[in-house]
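S.K.: To start, I am sharing the structure in question, which I have written as structure tokens.
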Amino acid sequence: MKATGIVRRIDDLGRVVIPKEIRRTMRIREGTPLEIYTTGEGEVIFKKYSPVEEMGQCALQFTDVLHKTGGLPAVICDKDHVIAVSGMPKKELLERRISPMIEDSMNARRVISYRGDTSDKILAVEGIDRYTVVCYPIIANSDVCGAVLFLSDGKHVVSTELLERLAETAAIFLGKQLDDE
């Protein structure tokens, strides 16, 4: 755990303010769900809650099927980082942050479908040189909680109706699974 040197007091209602610098760095906004943990050493830990991350193994199996069917690397992410990947080395992508453009697209509930215009190339994951071919938001309980993506495979690839339908179907299915929890 990294010390910030910032100290905050709890107010009379039991609230504590998370400093703006930390909220910005950790992409915590108003309404962001947080899990609260305690440790035996007296620490209180706040962790961003991700219902998609709770699906771990299911998401990994889903990306395997998407990759085999669609032929491109498949990714499932929550609102911040990659949860599951298939079709490229997992170490390369797992736990990496999604790009701000993908985050903005999810928050706007906008589908990305790359049609070949180089100005429309959107990098999917920070620090990875793969552009987004298709991105479909996962919506559960009326909230966006992640996305299903197909990434370029190093060649010039454009979206197809098959890739769009696969991403849409996966996103709807995962959203339904999260609705039921």
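S.K.: Taking segment 107-126 on its own, how many of its residues are on the phi > 0 side of the Ramachandran plot and modelled with pLDDT under 90?
M.R.: Count: 1.
S.K.: Right, residue 130: at pLDDT below 95, closer than 12 Å to residue 75 by Cα and in contact with a Ser or Thr (Cβ under 9 Å, 6 or more places away or on another chain) or not?
M.R.: Considered against the rule, which asks whether it is at pLDDT below 95, closer than 12 Å to residue 75 by Cα and in contact with a Ser or Thr (Cβ under 9 Å, 6 or more places away or on another chain), residue 130 comes out as yes.
S.K.: Answer yes or no as to whether residue 104 is modelled with pLDDT under 90, under 23 Å from residue 172 (Cβ atoms) and in the same structural domain as residue 170 (by TED's automatic domain parsing).
M.R.: Considered against the rule, which asks whether it is modelled with pLDDT under 90, under 23 Å from residue 172 (Cβ atoms) and in the same structural domain as residue 170 (by TED's automatic domain parsing), residue 104 comes out as no.
S.K.: Taking segment 158-179 only, how many residues are more than 14 Å from residue 144 (Cα to Cα) and out of contact with any Phe, Trp or Tyr (no Cβ under 8 Å at 6 or more places or on another chain)?
M.R.: Final tally of qualifying residues: 5.
S.K.: Name the residues in segment 122-145 that are surrounded by fewer than 19 Cβ atoms within 10 Å (Cβ to Cβ) and among the aromatic types (Phe, Trp, Tyr), would you?
M.R.: Matches in segment 122-145: 131 only.
S.K.: Hey, another quick one. Any idea which of (1) assigned to a loop (DSSP other than H, G, I, E, B); (2) modelled with pLDDT of 75 or more; (3) charged (D, E, K, R) is the one residue 27 doesn't satisfy?
M.R.: Of (1) assigned to a loop (DSSP other than H, G, I, E, B); (2) modelled with pLDDT of 75 or more; (3) charged (D, E, K, R), only one is false for residue 27: (2).
S.K.: Scan segment 31-58 for residues that are assigned to a loop (DSSP other than H, G, I, E, B) and modelled with pLDDT of 80 or more and jot them down.
M.R.: Hits for segment 31-58 are 39, 40, 41, 42, 43.
S.K.: Could you check, for segment 111-129, whether at least one of its residues is closer than 19 Å to residue 32 by Cβ and within 11 Å of the chain's Cα centre (by Cα)?
M.R.: No, every residue in segment 111-129 fails to be closer than 19 Å to residue 32 by Cβ and within 11 Å of the chain's Cα centre (by Cα).
S.K.: Another question, if that's okay. Just to be sure I understand the filter: pairs with C-beta atoms under 7 Å, separated by 6 or more residues or on different chains, first member in segment 154-181 and within 25 Å of residue 128 (Cα to Cα), second member polar (S, T, N, Q). Which pairs pass?
M.R.: 159/113; 164/113; 166/69
S.K.: Condition first: more than 13 Å from residue 77 (Cα to Cα) and touching a residue at least 40 places away in the same chain (Cβ under 8 Å). Now tell me which residues in segment 106-127 satisfy that.
M.R.: Answer for segment 106-127, where residues must be more than 13 Å from residue 77 (Cα to Cα) and touching a residue at least 40 places away in the same chain (Cβ under 8 Å): 111, 113, 114, 115, 116.
S.K.: Given the condition in contact with a strand residue (DSSP E or B) (Cβ under 7 Å, 6 or more places away or on another chain) and basic (Lys, Arg), answer yes or no: does some residue in segment 152-166 qualify?
M.R.: No, the conditions are met nowhere in segment 152-166.
S.K.: In segment 59-178, which strands (runs of 3 or more DSSP E) lie fully inside it and hold 3 or more residues that are over 30 Å from residue 25 (Cβ atoms)?
M.R.: Of the strands (runs of 3 or more DSSP E) lying wholly inside segment 59-178, none has at least 3 residues that are over 30 Å from residue 25 (Cβ atoms).
The values are calculated or read from the model by the stated rules, or taken from the named source; none is laboratory data. The shown structure was predicted, so the numbers you read here are calculated from the model rather than taken from an experiment. Note that we place each Cβ from the backbone using ideal geometry, even for glycine, and neighbour counts take in every protein chain shown.
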